[in-house]
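The values are calculated or read from the model by the stated rules, or taken from the named source; none is laboratory data. Owing to the predicted nature of the structure, the values given are computational and were not obtained by experimental measurement. In this analysis, Cβ positions are derived from the backbone assuming ideal geometry, glycine residues included, and neighbour counts consider all displayed protein chains.
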Amino acid sequence: MIIWINGAFGAGKTSAAYELNRRLQESFVYDPENVGYFIRRNAPPEFSKGDFQDIPLWREMNYRTISLIASKYTGTLIIPMTLVNPEYYSEIIGRLEADGLDIRHFILYASKEVILRRLRFRFSRLFGGVTFAVNSIDRCIYAFDNLITEAKIDTDKLNVDGVVEYIAERCDLSLPSDKKTRFGRFIYRAGVLIRHIR
């Protein structure tokens, strides 16, 4: 099974993905963004401009990499990645579904005000300026209202635990009881956010 966690940048995809991974035995988090950073580091400066999702190679590499992992890995593959362009969605998720893979797609949906509030907690805000994530809020909300609309989870009043439990229930996954203390969960989640500051 592949669980694709979609949503605006700052909606909580990474936090939910790694929390689900922590709670769910035999699971692995695959981050498609890493392919974009690989392309940028190993290509001329022109590839550093704009959104790397617009690079056809990014979409092809992710489709093929996910297909390869799914063919060898028997656990649950968790993928946190924003996809708002229907064509790109079709090129990756649509092709994977056409191949017969079991894709469970969820959109972490939130209002603009809530997303902005969540982004304020990101350390990248300390460096000033308007981030890519902030600039992308309106187009993401529009896409999830009009273009890619299935399986939305309203997260305005839902914390990470609630999101994870909702996804697990919809996927018929049994989560073991959480043995971490509240402080332990805080430290773990803070570490996840720090490691994924771009």
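Which residues, taken from the stretch 143-157, are in a helix (DSSP H, G or I) and in contact (Cβ under 8 Å) with a residue 12 or more places away in the chain? Give the steps one after another, and end with the answer.
As a first pass, look at the stretch 143-157 and keep what is in a helix (DSSP H, G or I): 143-146.
If the condition is that a residue be in a helix (DSSP H, G or I) and in contact (Cβ under 8 Å) with a residue 12 or more places away in the chain, then A143, F144 are the ones that fit.
Under the condition of being over 17 Å from R104 (Cβ atoms) and among the basic types (K, R), which residue from the stretch 1-59 is modelled with the lowest pLDDT?
The extreme case among them is K49.
Going residue by residue through the stretch 78-99, is there one that turns out to be more than 15 Å from the chain's Cα centre (by Cα), on the phi < 0 side of the Ramachandran plot and part of a loop (DSSP other than H, G, I, E, B)?
Yes, because at least one residue in the stretch 78-99 is more than 15 Å from the chain's Cα centre (by Cα), on the phi < 0 side of the Ramachandran plot and part of a loop (DSSP other than H, G, I, E, B).
Could you tell me how many of the residues in the stretch 88-104 are over 21 Å from L57 (Cβ atoms) and acidic (D, E)?
2
Mind checking which residues of the stretch 138-176 are of a type in the set (S, T, Y) and touching a helix residue (DSSP H, G or I) at 6+ places or on another chain (Cβ under 9 Å)? Can you show your working first?
Within the stretch 138-176, the subset of a type in the set (S, T, Y) is 142, 149, 155, 166, 174.
Hits for the stretch 138-176 are T149, T155, S174.
Restricting to the stretch 17-40, what's the tally of residues that are in a helix (DSSP H, G or I) and not β-branched (V, I, T)? Before the answer, list the steps.
Our first condition is that a residue be in a helix (DSSP H, G or I); within the stretch 17-40, this holds for 17-23, 33-40.
Of the ones still in play, those that are also not β-branched (V, I, T) are 17-23, 33-34, 36-38, 40.
Selection size over the stretch 17-40: 13.
Output the residues belonging to the stretch 41-75 that are over 17 Å from P86 (Cβ atoms), of a type outside the set (A, V, I, L, M) and not in a helix (DSSP H, G or I).
Of everything in the stretch 41-75, those that are over 17 Å from P86 (Cβ atoms), of a type outside the set (A, V, I, L, M) and not in a helix (DSSP H, G or I) turn out to be N42, P44, K49, G50, Y73, T74, G75.
So is A133 at positive phi and modelled with pLDDT under 95 or not? Explain how you work it out, then say what you get.
On the way: at positive phi: no; modelled with pLDDT under 95: yes.
No: the conditions fail for A133.
Only one residue in V160, V164 is under 20 Å from M1 (Cβ atoms) and either modelled with pLDDT under 95 or surrounded by 11 or more Cβ atoms within 10 Å (Cβ to Cβ) (or both). Which one?
On inspection, the qualifying residue turns out to be V164.
Residues E33, E19, E46, E26: which one is free of Cβ contacts under 8 Å to residues at least 24 places away in the same chain and among the acidic types (D, E)?
Values: E33 fails: free of Cβ contacts under 8 Å to residues at least 24 places away in the same chain; E19 fails: free of Cβ contacts under 8 Å to residues at least 24 places away in the same chain; E26 fails: free of Cβ contacts under 8 Å to residues at least 24 places away in the same chain.
When all the criteria are applied, what remains is E46.
For F47, work out the one condition from (1) surrounded by fewer than 18 Cβ atoms within 10 Å (Cβ to Cβ); (2) within 30 Å of T181 (Cβ to Cβ); (3) touching a helix residue (DSSP H, G or I) at 6+ places or on another chain (Cβ under 6 Å); (4) not acidic (D, E) it doesn't fulfil.
The number of the failed condition is (2).
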